[in-house]
Every structure is written in structure tokens, then in C-alpha cells.
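Since the structure comes first, as C-alpha cells, the remarks are kept for the end.
The values are calculated or read from the model by the stated rules, or taken from the named source; none is laboratory data. On a predicted model such as this, the values are computed, not experimentally measured, just so you know. Neighbour counts are summed over all protein chains in view; Cβ atoms, including those assigned to glycine, are modelled from backbone coordinates with ideal geometry. Side chains are part of the model used for accessible areas, which takes the heavy atoms of the whole protein and leaves out ligands, DNA and RNA. Shrake-Rupley method; radii C 1.70, N 1.55, O 1.52, S 1.80 Å.
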Amino acid sequence: MKLKNILIILFIAFACGIRAFATEADTTDSMFKPYTLKKGEILLNQSKRQVDLVNPTITTNKSGGIFPGARGANQLVLYTKDYGERTNTNEFGTEAIIEGNVVTELSGADSFIPENGGVISGHGVAKKWITENITVGTRIYYDEATKVITTFTTSESLLFEARKKIDEARNMVNYYKNTNPSYDWDEPNDYIKDAENYLKKAAKKPEEVQKYSHLAINAANSALKSVIPYKNNEFKGVWLRPTETTEEAIIQAIQKLKKAGIDNIILETYFHGRTIFPSKTMEKYGFIAQNEKFNGLDPLKIWIKEAHKNNIKIHIWFETFYVGNQTPNSNPRNILAVKPEWGNKTRQFYESGNATPSQSEHNGYFLDPANPEVQKFLQELITEIITTYKPDGINLDYIRYPQSVSTAAISSWGFTEYARTDFYKKYGIDPVKLSASDPLWEYWNIYRRTQVTNFVEKIGKLGKSTNTYITAAIFPDIKKARAYKQQDWQTWSANNYVNGFTPLFLTCNAKTLNSMILSILAHKAPATELYAGLFVTFMGGSEEDLIREIHEIRKLDIGGVILFDYAHLDNRYVHTLGTRVFNPKNASKQPTISLPENTAEPALVVPKKKNQWWIFK
């Protein structure tokens, strides 16, 4: 008995030692103190760059105030715990998460800010600098006096990254072993052993630490790619903007997606105010009948026919209230050239005869959801698509108002002549005269949200009557969705207006993804399916980032995955998906994954609330 107890103690001590060794990057050190190389540590890369702002706001950063996170073009920003929980940034940058003085993760947007560190965030040239000079394990020193960041990528950085990935792969293996008794873990386990052996060689030969660290990292990466088994009955989709102008090219694209394991294509069919097919509805209204790129061809017909031949479903990607960033009068048959009164406007330009471009959204133009003529036209167009082509589903995108960063006149939307007149009839005041502190301001918010909701209800009824699957792209945070987009998706779900949600998660970080998914699960009804839109490929994240995010989705057991987007689904991602996670050849070996009560790596859970009526699948 004594011997058994001793062995148990030794095992626990060894396990704890390994874990400590794997994260021994002294995350207790501060990034505000100068970094000194340790004895034997080899400096591989050092770089310096001045920070534009620390914890920016609309007031302190006028050039970036209109953008999420108040990060402007080409700016390098440092966010600390004083800023808040998250950076709130958009998808057009990159971020390095620092704990102590060590970069522990790379992310894309809206990252969690560690209590004991910060987040370096960059756009444009600053993004390029981060990408070229910072990796997992890089040490950071920020000089508060000069506002200069100095990065140190060393031999210890490589060892840190290797150890971190080995631990990560091992934890994943243990998770699937515990959730699936038939799980085949030989291949990832072999890669983990290889990685550990390379680390031992690095310890024995310090002069070759760089070589063996890279080999360990590569082996650990291979373990991550081979660890997640195929899952039956999982939605495996991709958003796709068609560029193919021949039947042969369309067939080739479908074959590429089939090779990657994709079984659902969300095909962009109505975008930038144009359809890819020759539309009788568009022609009836005097609009451009078909996107000029596809004249003489009906690509929608070909896509559906060829996809169905390969057991792939086609959902119509429909940009509801968005009509692109082309100046309306650049073509006399543009929607807003023919119908300028349909355009959405900010309060600042409510007297203008033209629509207002949304500065924070590529200067794009939006239609007015409150205008019944707009809703009638869009419903007719969707009806034409369903009755003529019989797609498997409709995916409503841009089902919202333009983004409002604040209640300032330049960023507050919906002040069209129709909406103002209609609101006045109901409440006796022009919303232009309201301030955010006015009691009727919330009624103005509800009025705008209701217009969007009414349209969703109409399309939901159309879907039910035609047996067409209706999904909607939503913003994960319900409070922000309501406040900044006038998008009340919780009401859509509660009333069963749609079959599913397809939120696009603008992050490469699995922790951020997990938090966002849990937020949606806490507010949607159980009947509404959830398909996670992953932005990793668009943001140029690593293949391992993609695997990590799919792993989070599997742990939370939601409906499936949609990749954004086909244009960025290059061969490295196709190979990664085809290795195992989306490879149906593994289906016969692996039964459908089930979630036990206790696992080695449990998913986060939402705290129980009183009268909570939703459930988790």
C-alpha cells in the first residue's frame, strides 16, 4: 500500500512538473519591465515599434473612433485590463495576447484581455509588423515613457510554443478517448511522441535547439491535424462568392469542396444589388437584370445541378438590405439610382436626397428596412429564387441596419423620409429631434428592430410554405446586435421565424469563439439550430487555429461549421480538413460522437438561471 501511495504521489508530481514545464514562460513577469536574455538563451529576432495609442476611445482617437475598438487604419494599439474585458476590434487586423511578458496566443479580433498582461492589436502596416515579428512565445517589453514595444523571439520562444502545442494535442486526444470508446488515437499519439523526442534532443544539444524545436512544433502540428475524428450528421459548409463563368469551372470548384469534405455550399446569389442569375423581378423593377459578369450564363442553375450530383446542398446567400459600395449613380439601373428614396440615411444627412454610405463598412450603401416597397421587392426576389430554382435553403445576410458605433448623428441610422413620417404618425415626434436620453429614444430603437423582424417573419413563413430551410447571419452578442445593428435575433428564435442561425465569429482564438457561442446558446430557443461561421481562413490564421475552433464546436455539440470563405480556402486548409476532421472515410471507423457527463477537457457551461427554458443539445 505504501509503495502504491508513493507511486501515485510521484505520478502527480511528474504530471504537475510537465504542466509547469510546458508553461514555464514566467507569465508572472511584466511586459512593463525590460527583458534580459537568460543564460544560454539565443536571440533569433528583435524588433521595435512605437505604439500609436493605449486603450483608445472615440475621444482620444478621432481617426479611429468610427471603427470597433477605436483602432484606426494602420495603427498599432495596446489594450490593457483597464480597457475592459475584450478589445472589441473588427476582423481587419491581427492581435497578440500577452500574459506577463509572453505572447501566449495569436488572435484576429475582439480578443480577451488578460488580467496580467495585454493585447497588441494592429491594422494595415501595423498588422504586417505583428505578423512578421511576433509569434507564440515571443517576449514583450513595453516602455511606457517612449511608448515603444520591443519584441524578443528567442530559442525559449520556440521551446514554449512546442511544449504548449504538445500539451494541447495531448489534451485533445484525452478528450476524444473519453467521449468515444472506439476513438482511434494511434496516429496523433505517434506524432506527440515524435514531438517529445525532438524536445529531448533540443535539451541534449543546445547548439541545435532551433532545429529540434521546429521539428517538435511541426510534429505537434501534425498531431493537432490528425486528432479530431469525423462526425456524422454535422453541417460542413462554406460561404462562396461565385467567380466561375463556365460550367467546367463550376464543376472543378465543386470537386475541390467535395475533396475538403464540404457538404453544404452557401452560394452568394444576390450581392451588391445584383443577382448572378437572369432575374425577372430585377427586370420588372427596372434594375440590372443580372450581374454583368455572368451575362449569357445561368450559373445558379449549374451550381445547384452539379452540387446535387455530388450530394452537396445549395443554400442561397442573400445580402438582404445591403447593395454594395458602388456609387448609386455610376449606373442608371443601380437599385438606388432607380429608387433613391429606398436608401438608408444617418441623422447627419437626413435632408439629403441620397443614401448615406456606411463609413465603417467599406462605404457601402443599405436599403431602408422600414420602407414597405423595399420589403415587397426583396420578398418577390426571394420568392422568384425559391420557385424557379428550388434551392435547399436561404441564408439571410445583412439582415439588419448599418453599423452604429455610437448615437452620434454621423453614426445613427434609419432617418429616411418614410421612417420619420411613419414614426411621427405613431408617436407624434420626428425621431430626428430625439436624443439618446429621451424616453422615446428606446421606442425609436424598437421601431427599427421591428421592421427587420417583420421581414424575417415574412421570409420564415415563405420558407415553411415552400419547405425551404431558412437561416440568418447574426451578430453573437445580443445586446450589441440590438444596440448597434437593430437586429433582435432572440425574438426571431423565440417565435420560430427561422430554422437556424449562421453567426460569423470574427476570431482565430478558440477561447473567444467558445465565449461567443455560449452567449448565443444562452439566448436562442432550442428549436433554432446553430452553425458556427469560422473566419480563420479569411484572416489567414494557421491550420491549427482552424482545428482548435472546430474542436470547440465539437465540445459544445452544435449543428456544424461554415467556413468563410471559399476564396480563402487554399490547399493547406483543404489538406487539413481532409486529413481527418472532414474526411468521411473515417466515418465507418468512428461512431457519432457522444458527450459524457465528465470529460478530460469539458466545454464551458452557461450558469443556470431561474425559469431557464432552453436546453443544450
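The residues of region 220-262 that are aliphatic (A, V, I, L, M), open to solvent by less than 10 Å² (accessible area, probe 1.4 Å) and either touching a Leu at 6+ places or on another chain (Cβ under 9 Å) or more than 19 Å from Gly533 (Cα to Cα) (or both), listed by number, are Ala220, Ala223, Leu224, Val227, Val238, Leu240, Ile250, Ala253, Ile254, Leu257, Ala260, Ile262. For region 183-195, does any single residue satisfy the condition of being assigned to a loop (DSSP other than H, G, I, E, B), in contact (Cβ under 8 Å) with a residue 60 or more places away in the chain and open to solvent by less than 30 Å² (accessible area, probe 1.4 Å)? Yes, there is a match, as at least one residue in region 183-195 is assigned to a loop (DSSP other than H, G, I, E, B), in contact (Cβ under 8 Å) with a residue 60 or more places away in the chain and open to solvent by less than 30 Å² (accessible area, probe 1.4 Å). When restricted to residues that are of a type in the set (Val, Ile, Thr) and under 15 Å from Tyr401 (Cβ atoms), region 412-470 contains 6.
One line per residue, one yes/no per condition, for (1) open to solvent by 20 Å² or more (accessible area, probe 1.4 Å); (2) under 21 Å from Leu513 (Cβ atoms):
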{"site": "Gly93", "(1), (2)": "no, yes"}
{"site": "Ile98", "(1), (2)": "no, yes"}
{"site": "Asn101", "(1), (2)": "no, no"}
{"site": "Gly108", "(1), (2)": "no, yes"}
{"site": "Ser111", "(1), (2)": "no, yes"}
{"site": "Gly117", "(1), (2)": "no, yes"}
{"site": "Ile120", "(1), (2)": "no, yes"}
{"site": "Lys127", "(1), (2)": "yes, yes"}
{"site": "Gly137", "(1), (2)": "no, no"}
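Taking into account only those residues within region 343-373 that are under 23 Å from Ile446 (Cβ atoms) and in a helix (DSSP H, G or I), which is least open to solvent (accessible area, probe 1.4 Å)? Once the filter is applied, the top-ranked residue is Arg347.
Considering Lys313, Lys345, Lys284, which residue is over 20 Å from Leu381 (Cα atoms) and either of a type outside the set (Lys, Arg) or more than 24 Å from the chain's Cα centre (by Cα) (or both)? Reasoning before the result, please.
Values: Lys313 fails: either of a type outside the set (Lys, Arg) or more than 24 Å from the chain's Cα centre (by Cα) (or both); Lys284 fails: over 20 Å from Leu381 (Cα atoms).
So the residue among Lys313, Lys345, Lys284 that is over 20 Å from Leu381 (Cα atoms) and either of a type outside the set (Lys, Arg) or more than 24 Å from the chain's Cα centre (by Cα) (or both) is Lys345.
Scanning region 45-73 for residues that are of a type outside the set (D, E, K, R), under 30 Å from Leu158 (Cβ atoms) and buried (at least 17 other Cβ atoms within 10 Å of the Cβ) gives a single hit, Val51.
Checking the structure you have, find out if any residue of region 375-385 is within 30 Å of Ile266 (Cα to Cα) and part of a loop (DSSP other than H, G, I, E, B).
No, region 375-385 contains no residue that is within 30 Å of Ile266 (Cα to Cα) and part of a loop (DSSP other than H, G, I, E, B).
Taking the criterion of being open to solvent by 40 Å² or more (accessible area, probe 1.4 Å), at pLDDT 95 or above and closer than 21 Å to Trp317 by Cβ, the residues of region 475-527 that qualify are Phe475, Tyr497, Asn499, Leu504.
Selection of region 196-219 for residues being more than 18 Å from Arg572 (Cα to Cα), free of Cβ contacts under 8 Å to residues at least 24 places away in the same chain and surrounded by fewer than 20 Cβ atoms within 10 Å (Cβ to Cβ) yields Asn197, Lys200, Lys201, Ala203, Lys204, Lys205, Glu207, Glu208, Lys211, Leu215. Going through (1) within 21 Å of the chain's Cα centre (by Cα); (2) part of a loop (DSSP other than H, G, I, E, B) one by one, Lys33 falls short only on (1).
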